[in-house]
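The values are calculated or read from the model by the stated rules, or taken from the named source; none is laboratory data. This structure is a prediction, so every number in the text was calculated from the model and none was measured. For neighbour counting, all protein chains shown are included, and Cβ atoms are generated from backbone atoms with ideal geometry for every residue, glycine included.
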Amino acid sequence: MLNIGSVVLGVSDMARARAFWTAALDYTPREPGTDRWTVLVPTHSPGVQVALGLSGVPAQEHPRVHLDLYAENTADQAAEVDRLLALGAERVAWDLYPEDPDFVVLADPEGNRFCVIDPTHPQAPPGDAPGTSAPGGRPPSRSPRPHSEGTAPTPGRAG
């Protein structure tokens, strides 16, 4: 059986990306890394690795894949958004927000979009709070959200 080992983000400035994501997630480099590749791991708890890979491709305005970062509640979401903005993230003028969204779209200093989710929001799917489990003890999965609509299929591939 396969497991997700890392989520990989393309970056153009490794030092800047490493500084942002280590502070944003309280992660640390698994090993010293290079100017082309760094793997970040949680400092104090289990979690998914985030790898940073040097890329010459610009960040997508409507990415096909992005990170959803979960806050504990509405107040925590607001505090985390403020903290991430202070670390260098930027608020994205997202054109696909639904009415009364449960998420805030930000971009890291590299332009990679990510969302900060309030799982206590009425629009959040049931069982979506961190630490809750779906049937069978699996972590919950986020159902397709309005913020993922409108992304274009990759050219040459069926959408």
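Could you tell me whether any residue of the stretch 40-48 is at pLDDT 95 or above and either surrounded by 15 or more Cβ atoms within 10 Å (Cβ to Cβ) or charged (D, E, K, R) (or both)?
Of the residues in the stretch 40-48, the ones at pLDDT 95 or above are 40-43.
From what's left, either surrounded by 15 or more Cβ atoms within 10 Å (Cβ to Cβ) or charged (D, E, K, R) (or both): 40-41.
For the stretch 40-48, residues at pLDDT 95 or above and either surrounded by 15 or more Cβ atoms within 10 Å (Cβ to Cβ) or charged (D, E, K, R) (or both): present.
Show the residue pairs that are 6+ apart or on different chains and have beta-carbon atoms under 6 Å apart, the first residue being within the stretch 18-42 and assigned by TED's automatic domain parsing to the domain that holds residue 87, the second being modelled with pLDDT of 95 or more. Once the first residue is assigned by TED's automatic domain parsing to the domain that holds residue 87 and sits in the stretch 18-42, no partner that is modelled with pLDDT of 95 or more comes close enough.
For residue 74, are the conditions met, namely being loosely packed, with under 15 Cβ neighbours inside 10 Å, of a type in the set (S, T, N, Q), outside the structural domain of residue 114 (by TED's automatic domain parsing) and touching a residue at least 12 places away in the same chain (Cβ under 8 Å)?
no
Just to verify a result, which residue in the stretch 1-21, among those that are closer than 18 Å to residue 111 by Cβ and β-branched (Val, Ile, Thr), is surrounded by the most Cβ atoms within 10 Å (Cβ to Cβ)?
Our first condition is that a residue be closer than 18 Å to residue 111 by Cβ; within the stretch 1-21, this holds for 7-21.
Within this subset, residues satisfying the condition of being β-branched (Val, Ile, Thr) are 7-8, 11.
Details: 7: 13, 8: 15, 11: 26.
Result: 11.
With the condition kept exactly as written, say whether any residue in the stretch 86-106 is of a type outside the set (A, V, I, L, M) and touching a residue at least 60 places away in the same chain (Cβ under 8 Å). Taking every residue of the stretch 86-106 in turn, at least one turns out to be of a type outside the set (A, V, I, L, M) and touching a residue at least 60 places away in the same chain (Cβ under 8 Å).
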